[in-house]
Amino acid sequence: MDSARFLLERLNWPVRFVRLQAAREYARLMADESLGAAALQTYLTWMSERRTENEVCWGLAVLFAERTNHLPSIDALSQNLQRPSILADYMLKEIYGSAAAGDSWTSRHSGGAHASFEPGEYFLRHQGDQIPPLLSLELRRLEQLSGRPFLKQWAFEWQHMQTSTRAPLSGFPYHFLEASLERSGVTAQLDQRQGDTYRSAYLRTLHYAVDKWRMPLDVASAAATKCLPLNRGLVDVRSVDRPQWIGELPDEFAPDNASFEPIIKAMLKAATKTDGLVPVHLRTPLSLKISEFSSLTVSCALLSENFTPTTDEDYAELRTSAWDLPEGSLFSGSSRPLPADDYARPTLQGTRLPFCVDIFPFPFGYWMGDLLHLGLSLPASYIFDKPISYHCKGGGILTEINGQPIGRWTTWNDHWNYLYPKGGNTRCGSVSEMRPADIIAAADRFGLKVGWTADIKIWRREKSYDELELVKKSTFFFDDKEIVR
C-alpha cells in the first residue's frame, strides 16, 4: 500500500486545498470493498508515527470525511494516537460520540514558563507569517480575561516543540510565491511546517491552562477549535462545473468603455432560463486571458428609489455574520435571526439591503480557507417571514423552510491556484440562488425595489516583474421586472 501511504503524506502538503482533497480521497479508499482493510491498517500505522498534536488532527480529518460504517474502532484508533490533545478529543467525540470521552491530553505540556523566560526573536517575528492572527488574538483575549500569561506560555511551548521536532525555521515561501507578487500584496492559501509547530504549541498551552490554571474545559475546547482543520459539514461541499450560463460574458467587462448593465442582464436572464432560480449573489473570476487575478461580483439587493451608493465602497459587498453552529462542527441547522438594519450596506442616500450575507461558521476548519475567504453567501434570515435553516447536501448548501429547499449555494474552481491578491480571493467562483417569488415577497414586505449591484476588479501588470495595479469599476440598476418576475 505504498500508494496509500503516499496519499496520506499529502496531508502534510503546504497547499491546504491538497490536504482537503487527500482527506476526501483517503476516506474513499478506506470505503473500498477490496482495498479498505489494507488502507485502514496503513492509516493506523501512519497515525502512530505522528510527532505533533496538530499532525494527529490532520489525520483525524480523514475520518471527518468518512461515514460511520468504515471507521476504525475507537480502541484501535486510540492505541495509535501518540500525541493526544484537547482538539483531537473534540474531533473524536464528533466522530464517535460519548464513547470517545477522555482526558489523556491534560498533562501533555512542557510545564510552566519560568519567570525569566522571554520569547525568541523568530517566534515573535514569524507568528503572523506562519499562522493567521486569530490564534494570537484568542490567547491575548484569554490573557486579558484571566490575568494568566497565555502568550508567554505559548512561546515557551513553541520553544520546547522546536527543540524536540527540529522543524525547519520556515521563512517567506519564495518557492510558492515570487517576490514581485508579494510586493503587490499577493498572498497564498498555504501552511508551512512552522504552522504545525505554532498550532501544536497553541494546543499545549491550552492543556497547561486546564491542568494548572483550572481553565474551564468548555472555554478551552472552544479555543482549541480555532485549529480545527475541517468543518464536518462543509467537507461535503464539492466543486461543480462552472455554470454554462456564465459563458464568456464576464470578459466583456474588461474594456474601459464596457457597458455593464446589458452584460449583467444577459447573464442573469440566461441563468433564470436554466431552472427558474435567480442568482442573488455571484462571484466569479474572469478568464486567464484577461488576468490571473480578477473577479466579478453581482448581488441582488432591496433598494430605495433614492438609493445613492458611496464612492469608496464596493457596491456588491456583503456583511459577514458569525454563526455558532448548533451541533459541534456540523454545518447544519437553524439560522440565527438577523436584524435587517444591522446588515444594510452603507450608502450616501437611501437604503441598500442585500438578499445574502456571508455566513462564517464557528468552528470553521481552516483547510476550507479558499471557500471561507470567497464567502459562503447565503440568503439572510431577515428576507423571509418564516425561520430558515442551512443544510449541506448534494455538494452545495441548501437554504430551507420547514425542510423545503428555497435556495442553494454552489461553488466551482476556474483554473484554480493557491494565490490571491489583496482584496480578492483564489480563482474560485460561487453562486447563491433563490426562488423569484421569495424575492418579490421580500420587496413587498420591506416596501423597497429589487435592484442589482456589481463590482469588477482586475489586477494588471504590463510586464511579469511589474507590481500589480488594481482597476475597479462598480455599477447598480433597478430590476423593473426584467429578471425577477
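The values are calculated or read from the model by the stated rules, or taken from the named source; none is laboratory data. Just so you know, these numbers come straight off a predicted model, no measurement behind them. Here Cβ is always computed from backbone atoms with ideal geometry, including for glycine, and neighbour counts include all displayed protein chains. Surface areas here come from the heavy atoms of the whole protein model, side chains and all, with no ligands, DNA or RNA. Shrake-Rupley method; radii C 1.70, N 1.55, O 1.52, S 1.80 Å.
A residue that is in contact with a His (Cβ under 9 Å, 6 or more places away or on another chain) and under 24 Å from ARG435 (Cβ atoms) can be found somewhere in the stretch 312-321.
Just one of the listed residues (GLU327, GLU313) is modelled with pLDDT under 95, out of contact with any strand residue (DSSP E or B) (no Cβ under 8 Å at 6 or more places or on another chain) and among the charged types (D, E, K, R), namely GLU313. A single member of ALA115, ALA155 is open to solvent by 20 Å² or more (accessible area, probe 1.4 Å) and of a type outside the set (S, T, N, Q), and it is ALA115. Looking across the stretch 3-43 at every residue that is in contact with a Phe, Trp or Tyr (Cβ under 6 Å, 6 or more places away or on another chain) and in contact (Cβ under 8 Å) with a residue 40 or more places away in the chain, the one that is most open to solvent (accessible area, probe 1.4 Å) is identified as ARG16. When SER136, SER170 are checked against the criterion of being open to solvent by less than 30 Å² (accessible area, probe 1.4 Å), touching a Gly at 6+ places or on another chain (Cβ under 9 Å), within 23 Å of TRP367 (Cα to Cα) and at pLDDT 95 or above, SER136 stands alone in meeting it. Scanning for something in a strand (DSSP E or B) and either of a type in the set (Asp, Glu) or open to solvent by less than 20 Å² (accessible area, probe 1.4 Å) (or both), does the stretch 436-444 turn up at least one residue? Within the stretch 436-444, not a single residue is in a strand (DSSP E or B) and either of a type in the set (Asp, Glu) or open to solvent by less than 20 Å² (accessible area, probe 1.4 Å) (or both).
If you scan the stretch 416-448, which residues turn out to be among the aromatic types (Phe, Trp, Tyr) and over 13 Å from GLU292 (Cα atoms)? Can you show your working first?
Restricting attention to the stretch 416-448, the residues satisfying the condition of being among the aromatic types (Phe, Trp, Tyr) are 416, 418, 420, 446.
Residue satisfying the conditions is PHE446 alone.
Highlighted here are the strands (runs of 3 or more DSSP E) found entirely within the stretch 335-425 that include at least 1 residues which are without any contact (Cβ under 8 Å) to a residue 40 or more places away in the chain and open to solvent by less than 30 Å² (accessible area, probe 1.4 Å): 356-362, 396-401, 404-413. Among the residues making up the stretch 53-77, those that are surrounded by fewer than 17 Cβ atoms within 10 Å (Cβ to Cβ) and more than 22 Å from GLY365 (Cα to Cα) are ASN69, HIS70, SER73, ILE74, ASP75, ALA76.
Counting the residues of the stretch 273-322 that are within 20 Å of the chain's Cα centre (by Cα) and without any contact (Cβ under 8 Å) to a residue 60 or more places away in the chain gives 5. Kindly indicate whether ARG183 is within 30 Å of ARG24 (Cα to Cα), open to solvent by 40 Å² or more (accessible area, probe 1.4 Å) and modelled with pLDDT under 95. No, not satisfied.
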